[in-house]
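Rule-based calculations on the coordinates, nothing more; no lab input. Remember, it's a predicted structure, so these values are computed and weren't measured experimentally. As a convention, Cβ positions derive from the backbone with ideal geometry for all residues, glycine included, and neighbour counts pool all protein chains shown.
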Amino acid sequence: MSRLNFQLEATASGSRARAGRFTTLHNEVLTPTFMPVGTHAAVRAQRREDVLDSGAGVLLANTYHLMLRPGVEIFEKFGGIHRFMNWPRSVLTDSGGFQIFSLPGSRSVSEECAEFKSYVDQTLIRLSPESSIAAQRAIGSDIMMVLDQCVASTVEHGVAERAMELTHRWALRSLAARGDSPQALFGIVQGASYADLRAASARAIADMPFDGYAIGGLAVGEGSGAREDCTGIVTELLPQDKPRYLMGVGTTRDLLEAVHRGVDMFDCILPTALAKQGVAFTSQGRRDLRRAAYRGMDGPIDPKCGCPTCSAHSIAYLFHLNKVQEPQGWQLLGLHNVHFYMQLMRTMREHILADDWLGFYRSQRDLLDARDSYGAPVRHVTKAQRQKLKLKLGRYEVVVRDRIGRIREMTSGEVMHPVNDPAEEARSLYVEQSRLVERLTEPEAAPLVVWDVGLGAGTNAMAAIQAVEAMRRQANRGPALPAAETAWTAGPTGPHRRLTLVSFENDLDSLRLALRHPAWFKHLRHAAPRGLLADDRWSSAAAGVDWLLLRGDFGATKFTAPLPDVIFFDPFSFKTDSALWTLAAFRELANLLSGKAAELFTYSYSTSVRAALLAAGFYVARGRGTGPKSETTIGLTPRAAVDADGGGISHGRELLGEEWLDKWRRSDAQAPMGTDSSDASWHQAVTAHPQFQARFVYSSPRTRGAHR
Ligand SMILES: [Zn+2]
């Protein structure tokens with residue numbers, strides 16, 4: 001029997017967003033809800049009356065900090081935290097796992113417990129699942145959390161897996177330690193950014209009789225895309241009839257995205273922490289009170305907010321308090337932020353209950369956490385300057401040459417498709433070389449899956465879609481084909497195979513920016529790109545195309561995509577997007593594709609990229625040249641390479657031979673990106689690659705002699 005008696009009231013149409021309610025030992029809590037963080041049994045710089053007024057139903061307190069100061073014995077003396085801080089509503093205590101992981105200082109973790117030095121007096125403290133529960137029982141929270149082992153979300157798979165398994169064993173010990181206490185207890189799902197581990201952990205923890213389920217170990221280094229993906233994977237597997245809590249997340253936009261994926265509870269220090277820096281969350285995005293433009297501005301920070309700060313003070317006054325570092329400025333801004341967060345949760349709940357969530361969600365996604373651009377040179381700009389402003393968005397700007405637009409990443413200065421006509425390069429390097437159109441005529445039932453790594457301005461994806469549309473139009477001119485809606489799934493002959501195009505992108509500003517300028521990005525004059533941005537998917541029955549968008553870092557999102565037959569590998573280069581080009585990244589990709597016949601096309605032909613592909617286990621062939629580049633690169637999985645000479649999918653690929661290996665041996669760019677001198681396994685992997693062995697065996701004696 002659950003101690004919280006969670007009632008699911010509604011789930012929004014077209015979303016997993018849910019509204020519910022549960023009852024703790026102190027009050028009823030309506031979800032989705034945000035829990036202000038009271039680390040030391042106080043929300044930073046906020047009076048309890050103000051926090052109560054904001055509507056907060058649950059306060060989060062940190063077991064780790066409270067154990068060190070004031071100490072468990074004080075809570076025992078006062079009969080718990082509620083009387084100690086005079087808080088009449090619910091308290092959730094975390095277990096200390098996150099602090100052990102995140103605070104500086106030495107620590108060690110064994111099967112039995114975690115050991116760490118107190119940051120207060122350097123004494124050695126042991127925290128076990130049992131002692132953490134004992135402390136939380138003494139603190140007297142309404143909801144306790146199990147002790148977990150939290151690791152950075154970017155650690156290796158094996159490390160993440162071991163931490164996850166220990167967390168599962170500790171979860172069972174925590175349940176036993178809770179005994180018959182009336183306090184509720186939540187289990188925690190771990191697994192870093194690995195989809196398979198997140199799913200395994202969700203299943204294991206969901207099998208244990210907790211009163212609610214938390215998603216831990218996020219917001220510790222992964223991108224927001226990876227976080228959203230992990231959240232979605234986990235909530236899908238958690239029971240419907242218990243609350244779900246995403247720990248330590250996040251910005252207003254993060255909350256919106258997580259509610260959309262079925263999360264009910266949140267905590268985060270941002271509303272008060274950013275207040276100290278002079279940042280307010282508002283219905284129009286962030287306001288940064290450090291901007292000089294606010295110095296004389298009358299009216300509240302957010303005209304739509306009814307909080308005490310907005311009712312009483314002008315933005316100019318808050319600007320002034322922040323400027324002179326008056327603590328009251330911090331307090332007033334924090335008060336607004338906490339109110340704004342609570343108001344946002346109530347609004348989300350209303351839209352879920354009214355079942356018009358999707359419209360609200362779409363209207364808020366880009367608005368909620370928009371960075372403050374107020375006071376940027378908007379006043380007194382000339383027409384030419386205004387034109388120039390529209391040429392920039394986020395990290396990107398448009399550069400135009402010969403009436404063709406290109407996207408430039410401003411921090412690195414790198415331009416996408418810098419030399420050739422981008423559309424022409426997309427057609428030649430990716431669409432034609434992969435024989436995409438031809439392969440759609442193969443008598444295969446399964447769709448052809450193409451990964452578009454680095455959506456950018458949509459150039460490669462649209463080149464693929466437009467080539468397929470042209471082919472379908474051509475085919476439809478002939479008689480005796482079935483109706484357009486079924487033509488590409490039914491017929492035994494003819495171009496019937498569907499195309500699934502999966503685009504990966506962690507920053508959609510490049511596409512948004514290009515969409516502002518259709519005159520210079522002609523390939524975007526099509527319904528598909530806007531449809532994709534709005535819904536993360538666009539389909540065409542007539543063309544037999546499904547286009548999916550996976551937001552976030554390719555490193556994580558690739559695990560959630562259907563496996564590809566073809567990869568357009570066209571992200572920014574190593575200097576801008578280094579994580580995608582390392583040996584480790586290619587190894588992970590090769591592992592994922594093991595057993596699959598797949599080909600990867602990329603514009604790079606650098607020695608170190610080719611070495612990385614080879615060392616990761618790909619076969620490497622020369623790709624066709626483009627513009628000033630005499631050649632590019634094709635990576636083939638072993639299964640694709642087997643066919644390379646046999647007329648299969650990769651027929652006609654020209655594998656690199658000994659002359660390349662010779663060049664590589666003399667090169668000073670031998671090492672794949674991201675390797676260091678401590679690991680030279682790649683060297684052996686390149687030299688002993690079967691691609692070169694086979695050639696060696698069958699090569700002429702003269703060639704062999706040359707290498708003695
Ligand atoms: Zn306000």
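Worth a mention:
- Take every Cα pair under 8 Å whose residues are at least 6 apart in sequence, average their separation, divide by the length of the chain, and the relative contact order is 9 percent.
- Structure-based [θ]222 nm, the chain - -39500 (n - 2.57) summed over DSSP H runs of at least 4, per residue, nearest 500: -11000 deg cm²/dmol
- Fraction of antiparallel bridges per DSSP, region 1-108 only, in percent to nearest 5: 55
- For region 219-292 versus region 413-430, the inter-centroid distance based on Cα atoms is 37 Å.
- Nonlocal amide H pairs with GLY262, under 5 Å, H built at 1.01 Å: ARG16, ALA17, ARG18
- For ASP452, nonlocal amide neighbours, meaning residues 5 or more places apart or on other chains whose placed amide H falls under 5 Å from its own, are VAL502, SER503, PHE504, PHE568.
- Note that region 78-89 has calculated 3J(HN,Hα) couplings of 8, x, x, 6, 4, 6, 4, 9, 6, 10, x, 9 Hz, one per residue in order, obtained from phi through the Karplus relation 6.51 cos²θ - 1.76 cosθ + 1.60 (θ = phi - 60°); glycine and proline are x.
- Among the listed pairs LYS117/LYS276; LYS558/LYS596; LYS276/LYS304, those with a Cα-Cα distance over 24 Å are LYS117/LYS276.
- Once the Cα atoms are used to define both axes, helix 224-237 deviates from the longest principal axis of the chain by about 80 degrees.
- Cα long-axis angle, helix 195-206 against the chain (0 to 90 degrees, to the nearest 10): 30
- Among 303-312, 170-179, 116-125, 137-146, the order from most to least packed when residues are scored by Cβ within 10 Å on average: 137-146, 170-179, 303-312, 116-125
- Excluding same-chain neighbours fewer than eight residues apart, the lysines reachable from LYS522 by a Cα-Cα span under 26 Å are LYS383, LYS388, LYS390, LYS392, LYS629.
- Using θ = phi - 60° in the Karplus curve 6.51 cos²θ - 1.76 cosθ + 1.60, the 3J(HN,Hα) couplings for region 208-213 round to 9, x, 8, 8, x, 10 Hz; x is entered for Gly and Pro.
- Considering only the chain, percent of DSSP beta bridges that pair antiparallel, nearest 5: 50
- Residues whose amide H falls under 5 Å from that of THR633, counting only those 5 or more places apart or on a different chain, are THR602, SER604, GLY623, with hydrogens built in the peptide plane.
- Listed values for region 254-266 are Karplus-derived 3J(HN,Hα) couplings in whole Hz (6.51 cos²θ - 1.76 cosθ + 1.60, θ = phi - 60°), namely 4, 4, 4, 5, 6, 4, 4, 9, x, 8, 10, 9, 9, and x replaces Gly and Pro.
- Here the peptides 574-586, 240-252, 194-206 are ranked by packing, the mean other Cβ count within 10 Å, and the order with the highest first is 240-252, 194-206, 574-586.
- Taking the longest Cα principal axis of the chain as reference, the axis of helix 157-178 is set at about 30 degrees.
- Packing here is the average count of other Cβ atoms within 10 Å per residue, and on that basis the peptides 225-233, 106-114, highest first, run 225-233, 106-114.
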